[in-house]
Amino acid sequence: MSFLLFALAAATAPAVPPQVQIIAENGNYVMRTLDGAKPIYTFDRDEPGKSNCVARCIAAWPAVVAPAGAKPVGKWTVITRADGTGQWAYDGKPVYTFVRDTGSTATGDGMGGSWHLLPTVPAK
């Protein structure tokens with residue numbers, strides 16, 4: 001019985017905030033931004049709950065903005081950037097898009113050894 005519950009849980013799409021969508025892609029659920037379906041990344045140099053991507057970094061890797069009053073959803077929380085704006089974080093890690101991505105094509109995964117796509121969830 002517990003195996004069946006695990007299998008059903010693995011097939012359930014994760015909860016996402018309103019600015020993020022779930023796309024079924026190659027047998028997985030992939031998280032993308034709602035506006036333009038851009039891939040979403042994390043940055044290894046961030047600290048839990050704190051973005052260290054500023055200046056030139058944030059110009060190339062825009063934050064996934066959380067609007068005022070945004071509430072946590074599942075593994076998604078809101079952090080406050082140094083400039084006071086809200087940013088979505090997944091599992092404690094602030095999330096970003098990449099300006100060089102076109103459409104849903106992810107070109108920043110592994111860049112500089114520090115940027116990583118959000119993990120996918122099996123859709124099976």
Mean Cα-pair separation over length for the range 13-120, i.e. relative contact order, pairs under 8 Å, 6 or more apart, %: 32
Sort 31, 111 by accessible area with a 1.4 Å probe, largest first. 111, 31
Whenever you get a sec, compute what percent of the accessible area on the chain sits on carbon and sulfur atoms (1.4 Å probe). 60
Take the Cβ-Cβ distance between residue 45 and residue 75 as r, set R0 to 25 Å, and report the resulting FRET efficiency rounded to the nearest 0.05. 0.75
Once the Cα atoms of helix 2-11 and of the chain are each reduced to a long axis, what angle between those two axes, in degrees from 0 to 90 to the nearest 10, is obtained? 50
I need the peptides 55-61, 45-51, 76-82 ranked by packing, meaning the mean over residues of other C-beta atoms within 10 angstrom, with the highest value on top. 76-82, 45-51, 55-61
Structure-derived mean projected area of the Cα convex hull in nm² - corresponding label in (1) 7.3; (2) 11.3; (3) 8.2: (3)
So for the pair residue 34, residue 105, with labels modelled 7 Å out along Cα→Cβ, what separation do we get in nm? 2.7
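The values are calculated or read from the model by the stated rules, or taken from the named source; none is laboratory data. Remember, it's a predicted structure, so these values are computed and weren't measured experimentally. Heads up, the Cβs are rebuilt from the backbone with ideal geometry, glycines too, and the neighbour counts pull from every protein chain shown. Heavy atoms of the whole protein, side chains included, go into the accessibility calculation; ligands, DNA and RNA do not. Shrake-Rupley method; radii C 1.70, N 1.55, O 1.52, S 1.80 Å.
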